[in-house]
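Report on the structure given below.
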Amino acid sequence: MTGGLGRLGDFGLFAPLLAVAVGWLLPSLAQIGYALLVPSVILMFAMTVAMVEPGRLHWHEIWPAIGLALSNLLLSPLLAHGFAVALGLDEVGGWIVLVAACPAAGGATLVAGLLGLAMRPILLAQLLCFLALPVTAPLVAALILNAAMIDPWVLFQRMAVVVALPCLLGLALRRALRGGLALRPLRGVGTLALCCIGLALAHGLSGKLEASIPWATCVLGLGLASLAGGALGFTTGVLSGRLGGARLGSSFALGGAVRNVSLLWSATMGLSTPEGEAVMVLGTLWTFVLPALLAPLSWQRNRSGHGIAPGGASADRGQRRGMITPQFRAVYEAPAEGLRNRCRP
């Protein structure tokens, strides 16, 4: 059982997309996945909290991570709102603003490792955003969006639940398994939860295709939001290098472009309109598709001999300072290195 979960965890970038295809072919299975969407999101984040141990923090990573978190949670939705107003996206634009206020996805961290970029700062920013989201998402809804579209207080209550429960479950799991934390099976459980979200995606897509939803407008808005988030992340990473920190432009571009929309989707179930549900579905699908598309770039880099050591150029310095723990390497760097090794000629 644990061996099977461990092998499943090694393919966390591609298994959710396979689950979407299976759910599309088997609608009854997709409906089960949709019914389990909220528990799946909670389980996925609980596994993340249980596994995360980034090691000792250093100022040259903390400040850039805070910058990326502020960019993702506040600056990106403001820029997305500007695009929505300029293009006249109306209600669809409001939901895209909420998507733009989501934290970086876990897939961005793993893809950064596959491409040989720094992973720890993205992980730190992801955790900061995850903990701050119950406050920032309702704030964005109250200041930017129409209160008739979604009640900020209700959104706060739901976001608090979907953030607090994974934290409590993850910390309890760490305490229960102290000294014997099996990392690969935990990654497998998280990937299994992602597969359930993939099944829910298939149900959401098939159910919305029959509705009169402006799909082209949704895709255009989400594409612009992703580009805006990536540009802001890249700028934040470049500025961190100019101010004496690590050069994180490419890493932070990933962290800004790939967001974890499933968290917001689960919190707004039953509150969103059909257009809002379509935006959540497409945003979550993009979270699965983009990392899977970027992963082959690392294989090409590996074949051409231009790969970079996992964790970026600061990996050795971080290892000497105790900043990169064996657990961090097992959870984030080892899967990336394993996928690179499989493609070596």
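The values are calculated or read from the model by the stated rules, or taken from the named source; none is laboratory data. In this text the structure is predicted, and so the values were computed from the model without any measurement. FYI the Cβ positions are ideal-geometry reconstructions off the backbone, even for glycines, and counts take in every protein chain you see.
Does Leu123 qualify as being surrounded by 15 or more Cβ atoms within 10 Å (Cβ to Cβ) and either assigned to a helix (DSSP H, G or I) or over 22 Å from the mean Cα position of the chain (by Cα) (or both)? Yes; evaluated as a whole, the condition is true for this residue.
So if I check each of Trp95, Trp63, which one is in a helix (DSSP H, G or I), modelled with pLDDT under 90 and within 30 Å of Arg175 (Cα to Cα)?
When all the criteria are applied, what remains is Trp63.
Residues are listed down the side, and each one gets a yes or a no for (1) at pLDDT 80 or above; (2) over 29 Å from Phe83 (Cα atoms); (3) over 22 Å from the mean Cα position of the chain (by Cα); (4) not in a helix (DSSP H, G or I):
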| position | (1), (2), (3), (4) |
| --- | --- |
| Val140 | yes, no, no, no |
| Ala148 | no, no, yes, yes |
| Trp153 | yes, no, yes, no |
| Gln157 | yes, no, no, no |
| Leu165 | yes, yes, no, no |
| Leu168 | yes, yes, no, no |
| Leu171 | yes, yes, no, no |
| Arg175 | no, yes, yes, no |
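Would you confirm, using the coordinates I've provided, whether Arg187 is in a helix (DSSP H, G or I), among the basic types (Lys, Arg) and at pLDDT below 85?
Spelling it out, Arg187 is indeed in a helix (DSSP H, G or I), among the basic types (Lys, Arg) and at pLDDT below 85.
When Ala100, Ala50 are checked against the criterion of being at pLDDT below 90 and of a type outside the set (D, E, K, R), a single residue qualifies: Ala50.
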